[in-house]
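I have placed the structure first, in the form of structure tokens, so that the comments after it can refer back to it.
The values are calculated or read from the model by the stated rules, or taken from the named source; none is laboratory data. All values derive from a computational prediction rather than experimental measurement. In this analysis, Cβ positions are derived from the backbone assuming ideal geometry, glycine residues included, and neighbour counts consider all displayed protein chains. Side chains are part of the model used for accessible areas, which takes the heavy atoms of the whole protein and leaves out ligands, DNA and RNA. Shrake-Rupley method; radii C 1.70, N 1.55, O 1.52, S 1.80 Å.
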Amino acid sequence: MQLIMKTFEELGVCPEICSAIGELGFEQPMPVQEAVIPLLLSEEQGSKDYIALAQTGTGKTAAFGLPLLQMIDPKDRTTQAVVLSPTRELCLQIADDLRDFSKFIKGVNVVAVYGGTSISEQIRSLRHGAQIIVATPGRLIDLIERGKAHLDMVGHIVLDEADEMLNMGFTESINRIFESLPEGRQVLLFSATMSKEVEQVAKRYLGDYREVVVGSRNEGAEHVNHIYYMVNAKDKYLALKRVVDYFPRIYGIIFCRTKVETQEVADKLIKDGYNAEALHGDLSQQQRDLTMHKFRQHLTQLLVATDVAARGLDVDDLTHVINYSMPDDTESYTHRSGRTGRAGKKGTSIAIIHQREHHKIRQVEKTIGKQFVVGKLPTPEEICTKQLFRAIDEIEKTDIVDEQIEPFMKEVRRHFEFVDKEEILKKVVAREFGHFLKYYANAPKIEEVTLKTKKKGKGSVADRGGHPDWSQKKPREGVQKGYVKLYVNLGRQDRFFPGEAMQLINRCVTGRQKVGHIDIMPQFTLIEVPKRDARVVMASLSGAYYRNKRVVCRLDKKDKK
């Protein structure tokens, strides 16, 4: 039986929008578009609330954007729809897409508002009227409080990448924005995963909503292979190089846990001759924009990034995602791996782990319903063979324009008149990938590690199933000189880890805050800060929210005078 593909016209999209998306190369709707667009455009369903679960890069912007543009009144200059996104980059991308989709609809004005740039320019844009505002939560609240953004006539609000916004701590901001919306507005919530936080938002703000699932709930991308390599911690960078070298045409993102680690890995790769750049929060906005532009244009082959910095970076043709450091929660892994394997293409998500991280692999497998392949690092011989074939292939595919090179061929022939063909071939091979041959001739050996390796008597990591028993871990005694311990009511059961602790501090405390040891317990965390900064940190953290939980921060009992 032949599968009949629907067209956008058959989904109910108007001729003006069909003409615009036709120019953009849209032919047949993607699954999420085919599932969502008819529901939003139908008279019976159009006013209902929806949750759409689909991976990043599956065509979500068109799924909600095309119906929004068709449902608003272009003659009415009031704001009729709001789209919330977690990052500046995604905000700009959505706004650009909506403008492209509405090319042939007169009078439609889409305005993007986001932090990190002049608010006065955005205020001027809003004065001209904007039927659709695409915004990051913080900047939209600022504009509402200044009386410059008016949401009392909004009929539709879209939360794009809702799980990401909640992970970034925007719960309180979203609550404040919903307070400014009129009753009866339609809510469209798009998310890659159905986390507890997303469910809580749905219960609070969505009415009798319908859930649309493209793929499976909380599933990783359908076309992604998941592989892990287990090595000693000291060999992780060497293993990374082997993985990258084995895939000569790799175009991917290497995820690290911290800004420091990100910069260190990027610096090492650049020093070793790889086409790589770092992307993290210590870069200026201008540096970040340039780095992401170069990566999107394939001018950079490897982007080394933190999770936060990479949010909003949407690239369709990534071949690999490499987890140099595994994230602490499975949702972050799902977002990372979902950046590859898009638009029907195959992708690969690789994790380079040591023994203590093995339990995270099992957690991810349970969540995505897929098993990781246990990888065996490629040998120097396999890598050199792959690189040789790449060199030969590139030479064979090199275009020759006779009229351009012929004037120089007489001199070339004179130089090589007495050099035989065999020697010329050897010189070409040496030039094209001689550095691989040189490096792998004496490459450091990487010890193969299994769960049974490194057994050091009773109570070893291997005896405990490959990971430490965090429930038995005790806080570190004492405190370094000049510091005090602060108690925070968040622990591992709240999915609160050192990286999340630093993100919370950076978000709430103005300026760079020095932090000492961080001890994460199951139900609470102890954070060391300089004594002189303790009051500021306590005041800044107390009352903030993390995953819908109100933060309590006070001096640890032992440090109270």
Rounding to the nearest 20 debye, state how big the charge dipole of the stretch 302-445 is about its Cα centre with +1 on each Lys and Arg Cβ and -1 on each Asp and Glu Cβ. 760
State whether the stretch 234-348 is rounded, prolate or oblate according to the following rule on the C-alpha gyration tensor (a ≥ b ≥ c being the square roots of its eigenvalues): a/c under 1.5 gives rounded; otherwise a/b larger than b/c gives prolate, and the remaining case gives oblate. rounded
Figure the gain on full extension for Asp96 and Glu406 (residue separation times 0.36 nm, minus the Cα-Cα span) and round it to one decimal in nm. 106.9 nm
Considering only protein heavy atoms, with the full assembly of protein chains and a 1.4 angstrom probe, order His517, His128, His354, His280 by accessible area, largest first. His128, His517, His354, His280
Taking the full set of protein chains and a 1.4 angstrom probe, give the accessible area of Arg554 in square angstrom, rounded to the nearest 10. 80
Portion, in percent, of the accessible area of the chain that falls on carbon or sulfur, probe 1.4 Å: 51
In nm, what is the difference between 0.36 nm times the number of residues separating Lys366 and Asp272 and their Cα-Cα distance? 30.1 nm
All aspartates and glutamates inside 19 Å of Lys426 as judged from Cα atoms, apart from same-chain residues fewer than 8 positions distant: Glu381, Asp393, Glu394, Glu396, Glu417
Length-normalised contact order of the chain in % [C-alpha pairs under 8 Å, at least 6 apart]: 13
For the stretch 62-198, rounded, prolate or oblate, judged on the Cα gyration tensor with a ≥ b ≥ c (square roots of eigenvalues), a/c < 1.5 rounded, else prolate if a/b > b/c? rounded
Taking the chain and counting helices only, DSSP H stretches of n ≥ 4 at -39,500 (n - 2.57) each over all residues, the nearest-500 ellipticity at 222 nm comes to -12000 deg cm²/dmol
Which sequence of Asp100, Asp328 reflects their accessible areas, 1.4 Å probe, from the largest down? Asp100, Asp328
The set of residues whose placed amide H lies less than 5 Å from the amide H of Val213, leaving out same-chain residues fewer than 5 positions away, is Leu53
Using alpha-carbon positions, the gyration tensor of the chain gives root eigenvalues a ≥ b ≥ c; with a/c under 1.5 called rounded, otherwise prolate if a/b exceeds b/c, else oblate, the class is oblate
Percent relative contact order of the stretch 200-336, based on C-alpha pairs within less than 8 angstrom and at least six residues apart? 29
Using amide H atoms built 1.01 Å from N in the peptide plane, name the residues 5+ places from Asp556, or on other chains, whose amide H lies under 5 Å from its own. Lys485, Leu486, Tyr487
Let's test the formula: R0 of 35 Å, r as the Cβ-Cβ distance of Arg431 and Glu264. What FRET efficiency results, to the nearest 0.05? 0.70
Alpha-carbon centroid distance for the pair the stretch 391-438 / the stretch 67-107, whole angstrom: 53
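Ignoring ligands, DNA and RNA, how do Ile518, Ile352 rank by accessible area with a 1.4 Å probe, largest first?
So the residues, ranked largest to smallest area, are Ile518, Ile352.
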Chain lengthening between Glu183 and Glu381 when straightened (0.36 nm per residue, less Cα-Cα): 64.6 nm
Efficiency of FRET between Lys438 and Arg356 - r from beta-carbon atoms, R0 35 angstrom, step 0.05: 0.55
Write down the percent of antiparallel bridges among all DSSP beta bridges whose residues are both part of the chain, to the nearest 5. 20
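About its Cα centre, how strong a charge dipole does the chain have in debye, to the nearest 20, once Lys and Arg get +1 and Asp and Glu get -1 at the Cβ?
3280
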Using Cα pairs closer than 8 Å and at least 6 residues apart in sequence, work out the relative contact order for the stretch 157-248, in percent. 30
Inter-label distance for Arg124 and Asp317, nm, one decimal - labels placed 7 Å from Cα along Cα-to-Cβ: 3.8
Using a 1.4 Å probe, how large is the accessible area of Ile174, given in Å² and rounded to the nearest 10? 0
As I understand it, the dipole of the stretch 193-340 uses +1 on the Cβ of Lys and Arg and -1 on the Cβ of Asp and Glu, about the Cα centre. Which of Thr258, Ala202, Val212 lies farthest toward its positive end? Thr258
Could you compute how much accessible surface Phe433 exposes when probed at 1.4 Å, giving the result in Å² to the nearest 10? 10
Cβ-derived FRET efficiency at R0 56 Å, Gln28 paired with Arg507, nearest 0.05: 0.85
